[in-house]
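Peer 1: What follows is a structure written as structure tokens; I'll ask about it next.
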Ligand SMILES: [Zn+2]
């Protein structure tokens, strides 16, 4: 499918990278990077409706989404505490909600939640976890004339064929004064220009759009949003697989470090804290510039009529 640049509307592109049979181009006018031509809708639908997407053995999808639950929960709490700085608790729509971990955490904090998820098995799991309604596309909600206080698009915009159309749709679903929160990989990372073949986020057809802070802000403003805050997300450091496996096995045998029945729980706890704080300090002091950030997190709002 041919398309114009989602950010600026130009139709002049220069080749940037070939990957797995797909072409990634750079817009000659605004430098936005995206897969062109867009894979056909049937290919994309097949990718996400395959239950293997959340338990993938290949390079696409998630190796085991559910196994990272405690990581997703901590991330959700952190993100909600930012959201709650801007808006009072009310209705929240999580788009691409997967198995509903973010929705569940939000619900526990007093939000009235709904979800959108294209993968039927994950949507079902999210409904079971939260008891809330999870639909497969925003069209139904638009037809019902629904609006929300908060819409979240975590790791979503990079997957969709037309990010501008999506943002326009969510603009309509947001009440005036409501908040949009999103995250996406950071194509402003220095690897993208220096060694693009090494940047792990270039993975078509799963990822189709690659935003820098500049192109993302430009698109949000073009869709009517006022950007309140942009944050760099530090890259996630993963230990090699054998070490992760060893840790998981040790945990099974020894118990959880939060559980005081675990022998020497305080030693694990201290060790984990030392590692965690070293990584955090390292990120804050050395890696904070956007050139090193793994992802971008943006909080934007839809102005009230009078603003
Ligand atoms: Zn452009």
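Peer 1: Per the helix-only calculation at 222 nm, which mean residue ellipticity applies to the chain, given -39500 (n - 2.57) for every DSSP H run of n ≥ 4 and division by its residues, nearest 500 deg cm²/dmol? Can you show the working numbers first?
Peer 2: Details: 10 runs with 114 residues, N = 307.
Theoretical 222 nm ellipticity from helices: -11500 deg cm²/dmol.
Peer 1: Oh, and also: Would you look at the GNM of the chain, springs on alpha carbons closer than 10 Å, and say which of 249, 77, 164 moves the most?
Peer 2: Its mean-square fluctuation being the largest, the pick is 249.
Peer 1: Looking at the chain as a GNM with Cα springs under 10 Å, which of 72, 154, 265 has the largest mean-square fluctuation?
Peer 2: 265
Peer 1: Rounded to two decimals, what ratio of Rg to Rh does the chain give with C-alpha atoms and a Kirkwood Rh? Write out the running numbers ahead of the final one.
Peer 2: On the way: Rg = 20.0 Å, Rh = 20.8 Å.
Checking Rg against Rh, the ratio lands at 0.97.
Peer 1: Could you check the simple spin-label distance between residue 43 and residue 133, using points 7 Å along Cα→Cβ, in nm with one decimal?
Peer 2: 3.5
Peer 1: Same structure again: Could you check the spin-label model distance between residue 191 and residue 74? Points 7 Å from the Cα along Cα→Cβ, value in nm.
Peer 2: The answer from the label model is 2.1 nm.
Peer 1: So for each of 180-190, 115-125, 91-101, 219-229 I average, over its residues, the number of other beta carbons within 10 Å; can you give me the resulting order with the highest mean first?
Peer 2: On the way: 180-190: 22.7, 115-125: 20.5, 91-101: 24.5, 219-229: 16.5.
By packing density, highest mean first, the sequence is 91-101, 180-190, 115-125, 219-229.
Just so you know, all these numbers are worked out from the coordinates, no wet-lab data involved. Owing to the predicted nature of the structure, the values given are computational and were not obtained by experimental measurement. Note that we place each Cβ from the backbone using ideal geometry, even for glycine, and neighbour counts take in every protein chain shown.
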